[in-house]
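Structure first, then comments.
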Amino acid sequence: MLIAHSSDERAVADLLAVRSWIEQFFGCEDCRHNFLAMATGIAATVRTRDDAVLWMWQAHNSVN
């Protein structure tokens, strides 16, 4: 929800906030490690809210 309601100006910061939350609080160590590996370099590839939403969607689908 945070990413979907973000603005273009906040998209990268909000996506990094989600990444930090997962890094600090996600209980499954394997899932956390895999997500953090996928998230390497997201700040360089995400520019807009749409980019952030698409990145999250693709990350979710790659797991499923």
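The values are calculated or read from the model by the stated rules, or taken from the named source; none is laboratory data. Worth saying up front: this structure is predicted, and the values here are computed from it rather than measured. Note: areas computed on protein heavy atoms with side chains; ligands, DNA, RNA excluded. Shrake-Rupley method; radii C 1.70, N 1.55, O 1.52, S 1.80 Å.
Mean residue ellipticity at 222 nm, helices only, the chain: -21000 deg cm²/dmol; runs of at least 4 DSSP H residues each add -39,500 (n - 2.57), and the sum is divided by the number of residues.
Report the Stokes-Einstein translational diffusion coefficient (µm² s⁻¹, integer) for the chain, Rh taken as the Kirkwood radius over Cα pairs, at 37 °C with viscosity 0.692 mPa s.
278 µm²/s
In the context of the full set of protein chains, the stretch 7-64 has a per residue accessible area of 70 Å² (1.4 Å probe). With all protein chains present, how much of the accessible area of the chain (probe radius 1.4 Å) comes from carbon and sulfur, to the nearest whole percent? Within the chain, the accessible surface is 57 percent carbon and sulfur.
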